[in-house]
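What follows is calculated from the coordinates using simple rules that are stated; it is not laboratory data. Note that the structure is a prediction, hence the values are computed from the model and not measured. Glycine gets a Cβ as well: all are built from the backbone with ideal geometry, and neighbour counts include every protein chain shown.
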Amino acid sequence: MNTLRALIAAASLLLATSASAQVGFTFAGRLGVSIPYGDAYRTATGAAVAEAGNTTASMPFQLDVGVRLAQRYFVGAYGQYRYGLLKSGACPSGLSCSETGARAGAEC
């Protein structure tokens with residue numbers, strides 16, 4: 001229900017914008033580095049296994065795309081892919097391991 005209200009409010013805002021208003025597309029790229037901390041998981045006995053025990057760092061790549069209306073309002077979306085660097089020996093022999101992640105969302 002709240003999502004429907006937000007969509008109706010956004011549509012009303014777009015319709016209220018005058019036809020002479022400036023419209024422009026916006027693109028942004030982001031690159032980062034994250035350092036692991038905290039617990040990755042707990043074993044069956046309850047012992048914590050640190051995230052830093054398996055990973056050295058992660059590198060997220062993000063792309064933002066949107067439309068700027070009347071130089072005041074912005075509506076857009078983003079997508080991110082993250083690639084993690086595993087430590088040597090973090091993957092048991094005979095297995096293929098990787099650490100990746102992805103996320104996407106809307107911006108306004």
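Flag: ARG42 does not match the condition of being free of Cβ contacts under 8 Å to residues at least 12 places away in the same chain and closer than 30 Å to VAL23 by Cβ.
For region 53-74, check the following and say yes or no: at least one residue is more than 30 Å from GLY24 (Cα to Cα), out of contact with any Gly (no Cβ under 9 Å at 6 or more places or on another chain) and part of a strand (DSSP E or B). No, the conditions are met nowhere in region 53-74. Collect the residues in region 77-91 that are outside any loop (DSSP other than H, G, I, E, B) and charged (D, E, K, R), keeping them in residue-number order. Correct list: ARG82 only.
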